[in-house]
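The values are calculated or read from the model by the stated rules, or taken from the named source; none is laboratory data. Remember, it's a predicted structure, so these values are computed and weren't measured experimentally. Neighbour counts run over all protein chains shown; Cβ positions are idealised from the backbone, glycine included. These area figures cover heavy atoms from the full protein model, side chains too; ligands, DNA and RNA do not enter into them. Shrake-Rupley method; radii C 1.70, N 1.55, O 1.52, S 1.80 Å.
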Amino acid sequence: MKLFLRSSLEHLDRLERRGREEIQATRNFIQILHDCNLNDLTEDGCDTTVDSQEEFNDLNAIFNNVIPTLLVELRDRLFMLQPMPPASLEATGLLSEGTSTPFGQPSEGPSTDGTSSSAIHGPEAQPQLASDQEVSTESVDDGDAVIEAPRNLSIDNLCVPSKENLVVELGVVVTRIRPRRDGFPRQVFDAKDISCLSSPTAYLNDVCINSCAALLYSQFKLPTVDCAILSTYDLTRIRSNSPDEIIWRNTSWTSYWEKNVWILPIQRPSGFGHWVACIIYFQTKEIHLFDSLAGSWECDINDIMKLIIRLLTIARQRHSGVQIDLDGWTALELNAKPCQSNTYDCGLWVLAAITAVLRGRHVTNLHEERMSDWRNYLCSMVLSLPART
């Protein structure tokens, strides 16, 4: 019987991967159609969708919600997933401990050795960072970026309230609107987006990533952090070689050419559309790469460098004084081992990584046991927005 269940689980895995590949291919096709229509933009300059995408969103919800839930239940019964062992950060010599701070408050500042605090309530299990032995160094053609092991990173000390202390009443799900704020256009969370965010095993969609990033910017960004948050669609446009005018219309509102840091959420185009995050630091010429599954970045680095070149070139055509310096760039993989063991939390990890950067740090202090609390907090932020009347 167990052999039969294992075989069934493997078959479901294959069906899930195939389904997500078909959905991603359809998304890419819709994006190409959308980019070809220069006038099909909202008054806020945000991304729009064609009417037929509603049908694909319904199909996508099946793969995002139903199938992952079934897979998780089967895996739990067959393999009895064990919690990940604590990763020792002290042994790496990269991060230092700190003291707890009230929720939403930055730490007291860097320690005497140049690193920052890491704990919420004392030492906790953290995603293991890459060591010199675990990450190879290799050159990348475009822009001569080099992948190296991270060093001298600071870890965030964000304190997320538990679900018991922050009770969220979902009630009747209605569309929520966040008006223009902090340079961001209007954000719209419809019922499907809110249901996706509130479901404990749902895979986050583009709206959840992009719009929650805008909320987190307003909630957590320190005045000393000079950053632009790019859209999940931006790297897709670079990969599909969209016209300059399309790229400019959808990025110029960020004033990215004036920022020292770019935050780029990325959806991997293959497989089930896994979410990862890339942080681009222009002052240090570093590209920080975060993947909760600790996958390979070899297929992404060239595209990321192309994005940097393309965006700066487009900006220089419209603004004098924009500098393009592509020599000596280094890419750092922030975690050597996975910090996620399920199939649906990658979007939450990306939002946690974005929050750490907004708070002036490099790495999030959250771990897998706190992801449900983090999802609950994000949902509370969305539900606090005014409902559409």
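At-a-glance table
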read-out	value
Amide H contacts under 5 Å for Gln187, placed H, 5+ residues apart	Arg178
Packing-based ranking, highest mean first, of 313-324, 154-165 given that Cβ atoms within 10 Å are counted	154-165, 313-324
Cα gyration tensor, the range 306-389 - rounded (a/c under 1.5), prolate or oblate	oblate
Carbon and sulfur %, accessible surface of the range 246-389 computed with the full protein complex present, 1.4 Å	48
Cross-link reach list, lysines versus Lys306, counting only Cα pairs under 22 Å and skipping chain neighbours closer than eight places	Lys259, Lys285
Geometric extent, Cα atoms of the range 143-234 - Rg, Dmax (angstrom)	16.7, 52
Beta bridge orientation in the range 234-389: antiparallel %, DSSP, nearest 5	75
Whether the range 206-275 is rounded, prolate or oblate, judged on the alpha carbon gyration tensor where a/c under 1.5 counts as rounded	oblate
Calculated from backbone phi, Karplus (6.51, -1.76, 1.60) coupling profile of the range 324-329 in Hz, x at Gly/Pro	10, 10, 10, 8, x, 6
Protection-proxy order for peptides 294-304, 173-183, each taking the mean of Cβ atoms within 10 Å per residue, highest first	294-304, 173-183
Gyration tensor verdict on the range 244-285 (Cα atoms; rounded if a/c is under 1.5, prolate if a/b is larger than b/c, oblate otherwise)	oblate
Cβ-Cβ FRET estimate between Arg181 and Ile324, R0 fixed at 22 Å, reported to 0.05	0.10
Whole-number accessible area per residue in Å² for the range 268-385, which is evaluated in the context of all protein chains at 1.4 Å	32
Estimated D of the range 175-294 in µm² per second, where Rh is the Kirkwood radius over Cα pairs and Stokes-Einstein applies at 4 °C, 1.567 mPa s	83
